1. For A:ASP244, indicate whether it is surrounded by fewer than 20 Cβ atoms within 10 Å (Cβ to Cβ) and within 9 Å of another protein chain (Cβ to nearest Cβ).
2. Filter the stretch B:77-90 for residues that are more than 8 Å from chain A (Cβ to nearest Cβ), touching a residue at least 24 places away in the same chain (Cβ under 8 Å) and out of contact with any Lys or Arg (no Cβ under 7 Å at 6 or more places or on another chain); which is nearest to B:ALA249 (Cα to Cα)?
3. Out of the stretch B:17-37, which residues are open to solvent by 40 Å² or more (accessible area, probe 1.4 Å) and either in a loop (DSSP other than H, G, I, E, B) or facing chain A (nearest Cβ under 8 Å) (or both)?
4. If we scan the stretch B:32-45, do we find a residue that is among the charged types (D, E, K, R), within 30 Å of A:PRO36 (Cβ to Cβ) and in contact with a Phe, Trp or Tyr (Cβ under 9 Å, 6 or more places away or on another chain)?
5. Do any helices (runs of 4 or more DSSP H) lying entirely in the stretch B:92-189 carry at least 1 residues that are farther than 27 Å from B:VAL340 by Cα and in contact with a Gly (Cβ under 7 Å, 6 or more places away or on another chain), and which ones are they?
6. For the stretch A:216-235, how many residues meet the condition of being away from chain B (no Cβ under 13 Å) and over 14 Å from the mean Cα position of the chain (by Cα)?
7. Please determine, by comparing only the residues of the stretch A:172-191 that are within 20 Å of the chain's Cα centre (by Cα) and open to solvent by 10 Å² or more (accessible area, probe 1.4 Å), which one is farthest from A:LEU231 (Cα to Cα).
8. Any residue in the stretch B:260-276 that's under 14 Å from B:GLY70 (Cβ atoms): show its pairings with residues that are assigned to a helix (DSSP H, G or I) and open to solvent by 10 Å² or more (accessible area, probe 1.4 Å) at Cβ separation under 7 Å, as long as the two are six or more apart or on different chains.
2 protein chains.
Amino acid sequence: MNPAVSEIPPSLIRAINARKRPGDIDLGLGEPTLRPDPAPFEAAVEWVRGHGCPYTANAGDAELRERIAGYAGAGRFSEAANVCVTVGSEEAIYLAVKSLLDPTRDEVLVVEPCYLAYPKLCTLEGIAHRSVALDAADGFRPDASAVLAALGPRTRLVVLNSPGNPTGRVWPAEELERLAAGLDARGGEPVYILSDEVYRELYYTAAPPASIARWHPYSLVAGSLSKSNALTGLRLGWLVGPGDVVGAAVKVHQFVNTAASTLSQRVALNIFREPVRLAEHRSHYEGAREALLAGAERERLEVLPPEGAFYALLRLPPTLAHDSVRAAERLLEEKRVVTVPGRAFGEAAEGWLRLSWVAPQGAVEDGLRRIAQFLKGK
Amino acid sequence: MNPAVSEIPPSLIRAINARKRPGDIDLGLGEPTLRPDPAPFEAAVEWVRGHGCPYTANAGDAELRERIAGYAGAGRFSEAANVCVTVGSEEAIYLAVKSLLDPTRDEVLVVEPCYLAYPKLCTLEGIAHRSVALDAADGFRPDASAVLAALGPRTRLVVLNSPGNPTGRVWPAEELERLAAGLDARGGEPVYILSDEVYRELYYTAAPPASIARWHPYSLVAGSLSKSNALTGLRLGWLVGPGDVVGAAVKVHQFVNTAASTLSQRVALNIFREPVRLAEHRSHYEGAREALLAGAERERLEVLPPEGAFYALLRLPPTLAHDSVRAAERLLEEKRVVTVPGRAFGEAAEGWLRLSWVAPQGAVEDGLRRIAQFLKGK
């Protein structure tokens with residue numbers, strides 16, 4: 001067996017989910033519970049009736065690639081050649097790491113707290129990685145200077161996620177601009193940014209989230225329809241970036257899975273042809289967020305108000321903060337509420353629990369009440 | 001950039017396809033031109049209307065995994081835990097190579113002529129590989145003793161493909177049994193067989209092709225619906241094998257793309273629930289094969305009669321046999337017929353051209369006529 005596979009630590013999210021029983025309140029979910037509009041699916045099947053279901057080009061359907069460039073390229077990457085259509089944003093992240101980095105010399109810097117697939121993927125590929133933590137005392141505020149200070153001589157890729165899982169923070173435009181300027185001022189070999197923008201349509205700030213690609217030419221943008229349109233099972237994402245890196249990524253993509261599903265690409269094309277569809281679930285999440293914050297206030301729970309995505313971090317009291325895994329286990333055992341321990345997102349989030357608020361509003365309110373009872377008992 | 005990506009040699013198939021012009025006769029195709037039945041697609045969309053489009057478990061839908069085990073497990077691998085649902089058989093092959101082999105010590109043995117993604121994937125993963133050639137003078141007859149003689153002390157995986165691309169040969173049961181017995185007699189660390197069975201429904205022998213998994217416990221079976229059901233764009237395949245290897249493969253799968261498309265899995269489930277659908281295109285190919293062989297005889301072309309798949313190897317005359325790439329280029333330039341040079345399948349097939357006979361019968365006949373004219377002129 002490949003030792004790199006066994007080296008990957010087991011998933012804490014998976015461990016807590018394995019303990020879930022029917023009837024539990026699930027605030028641990030990582031996917032929307034809304035139903036997607038079936039119309040793009042019906043149109044895709046109509047297309048199959050007329051065309052069959054042949055492969056697309058490895059990099060994806062040409063029109064879809066162009067439309068994705070227009071949507072996710074931040075004005076910098078505007079051509080089909082800047083886009084590889086992928087099997088979800090997970091594959092986009094994999095392709096970026098695999099095609100860009102030389103395992104014998106390069107290093108990845110991951111901004112935590114974050115989805116731990118980033119460092120685990122580096123482990124799988126034998127690529128050195130370090131993390132830089134945003135400051136918990138400052139509500140995990142996005143901070144370009146912290147990232148710049150953490151760069152090392154071998155750093156060739158920085159992984160950002162905005163809007164962020166699990167913090168719900170959005171990197172402000174001026175902070176991204178400072179980050180890009182700092183990287184530019186550094187000189188030498190370029191440092192790429194992998195910007196995971198999978199939650200970009202789910203924002204609660206005045207303006208939509210900005211992309212680092214607007215300021216930084218060495219940007220790789222990962223995204224998908226999973227969260228915006230409740231289409232996690234569609235496995236349709238993209239990697240957008242400079243043509244040379246995307247070209248190498250397409251080569252890897254070809255050996256890993258040939259191409260993304262033609263059927264999924266047709267569904268995506270039907271959505272991108274009416275771009276208003278990309279934002280069709282946003283108002284729902286705005287309402288759900290208001291309900292979450294009202295419930296948290298009612299129960300006097302300290303949560304970070306999310307600026308984006310559909311998660312909120314809850315601060316554990318000092319008696320529980322040293323072990324978020326144990327806290328999540330006890331909350332599940334004693335009150336039947338599933339949450340994700342902060343440690344599942346790196347050491348930086350130890351002392352917190354991640355609450356997901358995609359569950360129906362009544363369940364979220366009941367969950368918050370039970371959490372408050374649990375915390376009072378400690 | 002990752003040097004392993006740039007090391008992968010460019011594709012000869014891609015190079016010849018890039019020269020294709022509208023109106024050319026295409027005997028270079030690697031996918032069916034039949035139309036799939038839309039009924040399984042309609043049922044899948046009906047399911048989405050009722051359930052949305054959520055992720056399945058990483059390894060795939062449980063019922064689908066069980067049905068695939070029953071179909072492709074050769075009586076040895078019969079449980080869901082023996083199956084990972086993949087993004088086409090390409091991903092299955094990738095997962096097998098990536099999860100099984102330790103790049104610091106293991107070696108892969110590839111049986112040529114074959115689809116060159118096998119060795120290229122090894123290059124991408126930094127895994128040593130060698131090839132063993134079946135004998136062109138013997139029509140590339142499957143030969144267990146040749147494979148056994150080529151094993152080295154570091155060989156941990158042998159890659160077979162039956163029915164085979166490009167030869168159309170099917171490994172007979174007794175030859176597979178001899179191979180399994182030889183591997184067993186060897187002792188020491190087990191040598192796995194990766195059996196690419198993507199063409200298994202397209203056979204023209206008296207009995208369906210056997211799987212090495214029937215005799216060899218260390219077998220990994222890759223397959224998909226791409227060729228059997230003209231569903232290349234569905235990107236729905238499987239890796240079937242011992243639970244420990246499949247478990248490691250699922251772990252890799254999770255980091256590479258999370259899971260196969262739920263929509264594609266629903267289409268597949270609708271096919272597996274009526275298994276007769278898996279063989280629904282076989283009689284079409286039987287007829288097309290007869291037409292190909294009649295056309296070749298009429299034009300006095302020396303082709304290997306295919307026992308399976310939808311390819312046939314054509315032997316080039318001595319004046320052209322030293323350079324199949326040049327022969328294919330000239331055939332395209334002078335007669336506007338696309339074929340694939342044998343060298344695209346390894347040195348063992350130099351001196352041959354691969355003809356694909358999925359094109360409409362008239363096109364295949366016209367193509368054979370033009371090839372005969374071309375060869376007469378040389």
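1. yes
2. B:CYS84
3. Pass one, the stretch B:17-37, residues open to solvent by 40 Å² or more (accessible area, probe 1.4 Å): B:17-23, B:29, B:33-35, B:37.
Selection gives B:ARG19, B:LYS20, B:ARG21, B:PRO22, B:GLY23, B:LEU29, B:THR33, B:LEU34, B:ARG35, B:ASP37.
4. For the stretch B:32-45, residues among the charged types (D, E, K, R), within 30 Å of A:PRO36 (Cβ to Cβ) and in contact with a Phe, Trp or Tyr (Cβ under 9 Å, 6 or more places away or on another chain): absent.
5. Where helices (runs of 4 or more DSSP H) fall fully within the stretch B:92-189 and carry at least 1 residues being farther than 27 Å from B:VAL340 by Cα and in contact with a Gly (Cβ under 7 Å, 6 or more places away or on another chain), they are B:144-150.
6. 3
7. If we filter the stretch A:172-191 for residues that are within 20 Å of the chain's Cα centre (by Cα), which is where we start, we get A:172-173, A:175-176, A:179.
Okay, now just the ones that are also open to solvent by 10 Å² or more (accessible area, probe 1.4 Å), so A:172-173, A:175.
On the way: A:PRO172: 27, A:ALA173: 28, A:GLU175: 31 Å.
If we take residues in the stretch A:172-191 being within 20 Å of the chain's Cα centre (by Cα) and open to solvent by 10 Å² or more (accessible area, probe 1.4 Å), then A:GLU175 is farthest from A:LEU231 (Cα to Cα).
8. That search, which allows pairs on different chains as well, returns B:LEU269/B:GLU63; B:ILE271/B:ARG277; B:PHE272/B:ARG67; B:PHE272/B:TYR71; B:PRO275/B:TYR71.
The values are calculated or read from the model by the stated rules, or taken from the named source; none is laboratory data. Every value quoted in this text rests on a predicted model; they were computed, and no experiment measured them. So basically every Cβ, Gly included, is an ideal-geometry build from the backbone, and we count neighbours across all protein chains shown. For the accessible areas, the whole protein counts, side chains as well, though only heavy atoms, and no ligand, DNA or RNA atoms are used. Shrake-Rupley method; radii C 1.70, N 1.55, O 1.52, S 1.80 Å.
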